[in-house]
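The values are calculated or read from the model by the stated rules, or taken from the named source; none is laboratory data. Everything numeric in this text was worked out from a predicted model, so none of it was measured. Positions of Cβ are generated from backbone atoms using ideal geometry, with glycine treated the same way; all protein chains shown enter the neighbour counts.
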Amino acid sequence: NDLASMMDVSVNDVIAKCMALGIFASINQRLDAETITIIADEFGFDVKFTEADDETEVTETVDNPEDLTERAPIVTIMGHVDHGKTSLLDYIREAKVTEGEAGGITQHIGAYSVETESGKRVAFLDTPGHEAFTAMRARGAKITDVVVIVVAADDAVMPQTKEAINHAQVAGVPMVIAINKIDRPNANPDKIKEELANINILVEDWGGKYQCQEISAKTGQGIDDLLEKVLLEAEVLELTANVNRNATGTVVEAELDKGRGYVTTIMVQSGTLKVGDVLLAGSHYGKVKAMFDHRGKKLQEAGPSTPVLMLGLDGAPQAGDRFNVMDNDREAREIANKREQIQREQSMRTKKHITLDEIGRRLAIGSFKELNVIIKGDVDGSIEALADSLLKLSNEEIQVKIIHKAVGQISESDVLLASASDAIVIGFQVRPSQNARKIAEAEEIEIRLYSIIYDAINEIKDAMEGMLAPTT
Ligand code: GDP
């Protein structure tokens, strides 16, 4: 309705356009930016989005410079698989136990913080790899101050090493290089430095700007020095926060625990979080019932750059969701409810992955050219026959691509492949494993099961015909 009146056209025409895109919108439905742009374009309008007062946003206090004090850096460890990210995180977590703490059982809560030799604190995100880092960034969360890139001295600069470096650079986060496994007889740190130089990462002792430390996550050699280098990098950044305000920060992990309800690991980034505070995180809220550090020690409060596990939320927010402490319960509940409503509307509107029903909408938007298919079947002969027939359905507008076909039940890895390549999965006389089914549900991957080849062909043909773009 709002969009129609802005363009001075009838709301029915807007609704009709929505339907042509496969969106069955009601008169007061919220539309996403992509849909608004397409529809406005149909009516000959260009859309410019401006900032609006968003009732689901929490206005954050701007701190006075004189209220700011130094805070600890938050570090993410990235690098190629098997180069020692987990070992390094484990070593630091276990080695840096201060007196009096010893004996405590450490838990993996997704983040921890330690005190270094020089008495300073460093916080780590305990989820190695750039997937977590990128997922957080995709949700708009800026949590990492320094990235440690781990490269194994007995291996080489590998594809994921480069990827990790790219991710850090794109995010504008400074890096410290850790050349790991130097305890190994065939370790060759100079070769690594040379390979890094080849991709424009010149380390300090070669005259470059990147700090680099040779370490062993097995013996602990060089790790204290690595931490000092991280702190040096942090010093340049002049990281500060105001401890005397309502806490804000980011959700690191959340899950439902049988005994304790929803347990959420959060990283406080500003302010001080206290037991009893009303916390709003994503579309969930609740009073902080209790807080713990990664050793299970109860905390009454937590300041900036402190990761804590907290109890008390009414659901599990997503990693990367921002949290705020609110002045009262009512305000938190209202915003949480509004956010949930918007999420629900959005998830109804755009499916993450392709389904036969989704094809028409995507074609209308004009972004759909290929239908990726994975075929699993009971015998080779029928898989080949099905694959052949499906390939023949290709037309000028849509290419059918069989990205994988094999004999056997539909497995977890089939579904993951479908998720990564936005494919649908067809099972002929086979069924998905229980795990595959679970993942497919979570990832919204369409699995279609058939026992007659013609049914499979006809259904896909129908979908593809329905998906022929209007040629006006
Ligand atoms: P990730 O995939 O990067 O998390 O790598 P892991 O931490 O799982 O390490 C991969 C393998 O390398 C494991 O078998 C570790 O025990 C081993 N490893 C990691 N760091 C070192 C190290 O400094 N020295 C030696 N000798 N082995 C290491």
*Is it true that THR248 is closer than 26 Å to GLY110 by Cβ and touching a Ser or Thr at 6+ places or on another chain (Cβ under 6 Å)?*
yes
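Taking the stated definitions as given, is ASP293 modelled with pLDDT under 95, over 28 Å from ASP321 (Cα atoms) and away from the ligand (no atom under 16 Å from the Cβ)? Show your work before the answer.
Numbers: modelled with pLDDT under 95: yes; over 28 Å from ASP321 (Cα atoms): no; away from the ligand (no atom under 16 Å from the Cβ): yes.
Against the criterion (modelled with pLDDT under 95, over 28 Å from ASP321 (Cα atoms) and away from the ligand (no atom under 16 Å from the Cβ)), ASP293 does not qualify.
Is there a residue in the stretch 307-314 that is modelled with pLDDT of 90 or more, on the phi < 0 side of the Ramachandran plot, not aliphatic (A, V, I, L, M) and not in a strand (DSSP E or B)?
Looking only at the stretch 307-314, we keep the residues that are modelled with pLDDT of 90 or more, and these are 307-314.
Going one step further and asking which of them are on the phi < 0 side of the Ramachandran plot, we end up with 307-311, 313-314.
Retained after the next criterion (residues that are not aliphatic (A, V, I, L, M)): 307, 314.
Subset that is not in a strand (DSSP E or B): 314.
Among the residues of the stretch 307-314, at least one is modelled with pLDDT of 90 or more, on the phi < 0 side of the Ramachandran plot, not aliphatic (A, V, I, L, M) and not in a strand (DSSP E or B), which makes the answer yes.
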*Could you give me the residue pairs with C-beta distances under 6 Å whose first residue belongs to the stretch 172-189 and is among the aromatic types (Phe, Trp, Tyr), whose second residue is within 16 Å of the ligand (Cβ to nearest atom) wherever it lies, and which are 6+ apart or on separate chains?*
none
*Only residues that are surrounded by fewer than 23 Cβ atoms within 10 Å (Cβ to Cβ), among the aliphatic types (A, V, I, L, M) and out of contact with any Phe, Trp or Tyr (no Cβ under 9 Å at 6 or more places or on another chain): list them for the stretch 278-326, please.*
ALA290, ALA319, VAL325
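What are the residues in the stretch 197-221 that are within 16 Å of the ligand (Cβ to nearest atom), among the aliphatic types (A, V, I, L, M) and loosely packed, with under 14 Cβ neighbours inside 10 Å, if any? Steps first, please.
Filtering the stretch 197-221 down to residues within 16 Å of the ligand (Cβ to nearest atom) leaves 212-221.
Next cut, among the aliphatic types (A, V, I, L, M) only: 215, 217.
Within the stretch 197-221, no residue meets the criteria.
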*Among the residues of the stretch 29-44, write down those that are over 31 Å from the mean Cα position of the chain (by Cα) and within 13 Å of GLU345 (Cα to Cα).*
none
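Residues that are of a type outside the set (Val, Ile, Thr), under 30 Å from LYS401 (Cα atoms) and part of a loop (DSSP other than H, G, I, E, B): does the stretch 286-298 have at least one? Break it down into steps so the answer makes sense when it comes.
Within the stretch 286-298, the subset of a type outside the set (Val, Ile, Thr) is 286-287, 289-298.
Restricting the remaining residues to those that are under 30 Å from LYS401 (Cα atoms) gives none.
Scanning the stretch 286-298 turns up no residue that is of a type outside the set (Val, Ile, Thr), under 30 Å from LYS401 (Cα atoms) and part of a loop (DSSP other than H, G, I, E, B).
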_For the list (1) in a strand (DSSP E or B); (2) within 16 Å of the ligand (Cβ to nearest atom); (3) of a type in the set (D, E, K, R), I need the number of the one condition that ASP224 fails._
(1)
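Residues to consider are ASP145, ASP90; find the one that is among the acidic types (Asp, Glu), modelled with pLDDT of 90 or more and away from the ligand (no atom under 16 Å from the Cβ). Explain how you work it out, then say what you get.
On the way: ASP90 fails: away from the ligand (no atom under 16 Å from the Cβ).
Sole residue among the options that is among the acidic types (Asp, Glu), modelled with pLDDT of 90 or more and away from the ligand (no atom under 16 Å from the Cβ): ASP145.
Give the residue that is farthest from ALA153 (Cα to Cα), with candidates limited to residues of the stretch 49-93 that are among the hydrophobic types (A, V, I, L, M, F, W, C) and part of a loop (DSSP other than H, G, I, E, B). Give the derivation first.
We begin by selecting, within the stretch 49-93, every residue among the hydrophobic types (A, V, I, L, M, F, W, C); these are 49, 52, 58, 62, 68, 72, 74-75, 77-78, 81, 88-89, 92.
From what is left, the residues that are part of a loop (DSSP other than H, G, I, E, B) are 49, 52, 58, 62, 68, 72, 81.
On the way: PHE49: 49, ALA52: 51, VAL58: 47, VAL62: 45, LEU68: 40, ALA72: 29, VAL81: 13 Å.
Top of the filtered list is ALA52.
Considering the stretch 184-196 alone, what residues qualify as being surrounded by fewer than 16 Cβ atoms within 10 Å (Cβ to Cβ) and away from the ligand (no atom under 16 Å from the Cβ)? Steps first, please.
Keep residues of the stretch 184-196 that are surrounded by fewer than 16 Cβ atoms within 10 Å (Cβ to Cβ), which gives 184-186, 188, 190-191, 194.
Within the stretch 184-196, ASP190, LYS191, GLU194 meet the criteria.
Would the stretch 245-262 turn up any residue that is in contact with a Pro (Cβ under 6 Å, 6 or more places away or on another chain), more than 24 Å from THR61 (Cα to Cα) and not basic (Lys, Arg)? Reasoning before the result, please.
So the first thing to find is which residues in the stretch 245-262 are in contact with a Pro (Cβ under 6 Å, 6 or more places away or on another chain), and the list is 251, 254.
Those still in the list that are more than 24 Å from THR61 (Cα to Cα) too: 254.
This time we only want the ones that are not basic (Lys, Arg), so: 254.
The answer is yes, given that some residue of the stretch 245-262 is in contact with a Pro (Cβ under 6 Å, 6 or more places away or on another chain), more than 24 Å from THR61 (Cα to Cα) and not basic (Lys, Arg).
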*asked:* I'd like the full set of residues that are surrounded by fewer than 24 Cβ atoms within 10 Å (Cβ to Cβ), within 15 Å of the ligand (Cβ to nearest atom) and within 24 Å of LYS218 (Cβ to Cβ), limited to the stretch 160-180.
replied: GLN160
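So in the stretch 256-285, with the set limited to residues that are outside any strand (DSSP E or B) and without any contact (Cβ under 8 Å) to a residue 40 or more places away in the chain, which one is nearest to ARG333 (Cα to Cα)? Give the derivation first.
Looking only at the stretch 256-285, we keep the residues that are outside any strand (DSSP E or B), and these are 258-260, 271, 275-277, 282-283.
Now drop any that are not without any contact (Cβ under 8 Å) to a residue 40 or more places away in the chain, which leaves 258-259, 275-276.
Details: LYS258: 24, GLY259: 24, VAL275: 18, GLY276: 16 Å.
Only one residue tops the list, namely GLY276.
Looking at ILE15, ILE27, ILE109, which is the one that is aliphatic (A, V, I, L, M), in a helix (DSSP H, G or I), at pLDDT below 90 and more than 16 Å from the ligand (Cβ to nearest atom)? Walk me through it before giving the result.
Values: ILE27 fails: in a helix (DSSP H, G or I); ILE109 fails: in a helix (DSSP H, G or I).
The conditions single out ILE15.
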*State whether the residues of the stretch 75-91 include one that is of a type outside the set (D, E, K, R) and free of Cβ contacts under 8 Å to residues at least 40 places away in the same chain.*
yes
*Of the residues that make up the stretch 337-345, is at least one at pLDDT 90 or above and within 18 Å of the chain's Cα centre (by Cα)?*
no
*For GLU195, state whether it is modelled with pLDDT of 95 or more and under 25 Å from VAL122 (Cα atoms).*
no
